[in-house]
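Only the coordinates and a few stated rules stand behind these numbers; no lab work does. Bear in mind that the values here come from a model prediction, so they are computed numbers and not experimental data. Using ideal geometry, Cβ is built from the backbone for each residue, glycine included, and neighbour counts are taken over all protein chains shown.
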Amino acid sequence: MNFFIVSLIKIAIVFAVFMTTLAYLQWVERKVLAHIQSRTGPLRVGPHGLLQPLADVFKLLTKEDLLPPYVNRFFYLLAPFLAVSLALVSISIIPFGPEVNFFGTRTFMQISDLRVGILFVLALSAVSVYGIALAGWSSNNKYSLLGGLRSSAQMISYELPLTLAIVSPLLLANHLSFREIATSQAGYYLGFIPRWNIFQMPFPQIFAFIIFMIAGFAETNRLPFDLAEAENELVAGFHTEYSSMKFACFFMAEYANMVTITCVATLLFLGGWHPLFPAPYSNWVPSAIALLAAIVFFLQLRDPARKRDRFTFPVFALVALVAAVLFAIPFLQTYLVPLFWFCSKAGLLLFTYIWVRGTLPRFRYDQLMHFAWTFLFPCALLNLLATAFCVAVF
Amino acid sequence: MDTFLFIVCAIVSVGCAVNLVLQKHPISSALSLIGVMGSLAVLYLLLGAEFIAMAQMIVYGGAVMVLFIFVIMLLNAGTEKTSAKSWFAQIAGFPLLSAFVALLAFLIKVVLPPLHPVEFGSWVGGTAEAIGMLLFTKYLLPFEVTSVLILIAIIGAVVLARKEID
C-alpha cells in the first residue's frame, strides 16, 4: 500500500513539474532567441512576459478546431495523440536523484526503475516516428506528406549514430538501467576530476557525447535539422493542416522529446545527479549561486534602463534569497542538491539546444543525409571500437 | 493483475491480427501489424522476457514497420479493390477452417507432451545479461552465422542499388 501512495505522489510531482517545464521552456526559448537577435521577446503578459505560456495555452484551447474535409479522419485524429503520449511517457523512467528517505519510506527519486530503461527509451523513440509520419500522410496535403517522409527518413538515419553513441557508456557501466549507469559514474579521479563518462579515463567519451547530441538534434526535429517543418519550403511540414489543441500536441511532443534527450544525455555522459566536485563543498554551490543571483537582481535596480519597473527585480531577488536559504538547510540538502545538479546539467543542454537554433542555419536535405551516413555513422562506429578496446584491455 | 493484462493484450493482439487481414488500405493493415507487435511485446514482458520485449519494440515495432509505412507512403498506395470471391472459398472456406482448427487442437492435446500452466513472473532468464551469456556461449555459432547472413543481405542490397544508378 505504501508503494502505491509513494508512487502516486511521485507521479503527481513529476507530472506537474514536467508540464510546467514544457510550458516555460517555450518562454525561455522565445526570450533567449529574442536576446540573440537583439529583441526583447515576450514582455506584455505579466512581468517580463512570465505569464505568456498561460496566455498561449488559453489561446490554443479556445481557437477553432478545424477538421479539414479531405483528410483521413481516423489517422488524422490519431497522429497528434500518438505523438504527445509517446513523448510524455519516457520521463517516467528518468532518475532525478539518489535513493532518499521519504517520511520513513526509502524510495528512489524516479517514478520507476526499469532494468532495461535505456532500451525502453530507444523503443519509444523508434515508435514515435509514427505520430509524425501518420500526420503527414493522413493530412492529404503534399507539403504535409513531404514533411512526414523527410522526418521519418531522417529519424531512421539518425537512430543509427544515436544508438551507437549510447552503446559506449553502456559498455562502461555494464548495465541497462539508468540508475546503475548514473551510480557507476560516482567518485573522483585524484580527488577532484569527476568520474563522469565524458571524463572517463583512459578514453573520454566526449566524442560519443557530441555524436549523441548531434543525433539528438535530428531525432527531435530541431534546427539545424528541422527539415520536416522547413517553413520556406513546406509551409509548416507535417503539421500544416493541424490547428488548436492538435497543433499544441505536436508542439508539446517536440519539447517533451527535447527534455527527454537532454535528461538521457545527462545520465549517460554527465554523471546524472553527481556534482562537479566532491561533496562537502559542492553542497554549498546551489546556495552560493542563488545568493549571487539575488545580489545581481538587487544591483539591477541601479541600472538607469530599469527605471520604470521598480517592482519585478526586487521580487526576483527575494525569490532567489529564499532559494538560497532553502538550499542551505541540511535536512533539505539531501533532496535538493542532487536535483539541483541534475537540473542544471539538463538545463545547460537545453540552453544549448536553443542557442544552436538561434545561431545555425538549416541544412539542405541531401547534406543532412550525407552527413549522417558518411560522417556521423563511421565516427560513431570508430568511437565504439575504441571504447570496446579500452574496456577489454584495461 | 497479470491474468487481466494477459487477457487484454491477447484480445488486442488477436483483434489487430484479424483487422490486419480485413482492412482494405495498406496503411491501416500496417498499423494493425504494429498493434499486434506491441501487444506481443507486453505478453513477452508478462512472461519475464524484458529484453526480448524491448527488442521486439525497437526492431519490429520501430525499424521494420517504419520502413513498411515509409514505402507505402512513398508509393502512395491506394485502397485495394476486392476481387470476386471464388465459389470454392465461399462454400468450403468455413468448414475447412473449423476442421483445421480442430485438427490443431487435437494435435496439441494428444501428440505434444502435457504442458504445465504458465506462471507469470516465475521465469527469470529473460534479463539482458542472461540472454547475452547464452548468445555468446551456447548459441554462438547460430548467432555468428546469422550475422554473416545479414551481411550478405546488406551487400546484396548495395549491389542491386548500384546497378540502378549506372
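Within 13 Å, Cβ to Cβ, of residue A:265, how many net charges do the neighbouring residues add up to if Lys/Arg are +1 and Asp/Glu are -1? Every neighbour counted, the sum reads 0. Here the extension length gained between residue B:91 and residue B:150 equals 16.9 nm, from 0.36 nm per residue of separation less the Cα-Cα distance.
Structural descriptor for chain A: relative contact order 21 percent, calculated from alpha carbon pairs under 8 angstrom and at least 6 residues apart. Taking every residue in B:48-58 and counting other chain Cβ atoms within 10 Å of its Cβ, the average works out to 4.
Model label points for residue A:36 and residue A:355, set 7 angstrom from Cα along the Cα-to-Cβ axis, are 1.0 nm apart. Distance from the C-alpha centroid of segment A:1-28 to that of segment B:52-95: 39 Å, rounded to the whole angstrom. Note on the protein assembly as shown: Lys pairs 8 or more places apart or on different chains, Cα atoms under 16 Å apart, count 4.
Please state the shape class of the protein assembly as shown: rounded when a/c is under 1.5, otherwise prolate if a/b exceeds b/c and oblate if not, all from the C-alpha gyration tensor. In terms of gyration-tensor shape, prolate. Modelled label positions at residue B:110 and residue A:99, each set 7 Å beyond Cα in the direction of Cβ, lie 5.7 nm from each other. Take the Cβ atoms of residue B:17 and residue A:279, set R0 to 56 Å, and the FRET efficiency comes out at 0.50. One decimal place: the segment residue B:157-residue B:2 gains 51.5 nm when fully extended, by the rule 0.36 nm per residue minus the C-alpha distance. Treating chain B as a set of equal point scatterers at the Cα positions, no solvent, please give the Debye-formula log₁₀ I(q)/I(0) at q = 0.10 Å⁻¹. So the normalised log intensities are -0.65. Largest first and in whole Å, the equivalent-ellipsoid semi-axes of segment B:1-77 read 25, 16, 5, each the square root of five times a Cα gyration tensor eigenvalue. Note on residue A:170 and residue A:142: the model spin-label points, each 7 Å out from Cα along the C-beta direction, lie 4.2 nm apart. Please identify the helices of chain A, taking whole runs of DSSP H, that span at least 18 Å along their own axis as judged from the Cα atoms and have a mean Kyte-Doolittle score of 1.6 or higher. Membrane-span-like by this criterion, though nothing is claimed about a membrane: A:73-89, A:206-219, A:285-300, A:312-328, A:377-393.
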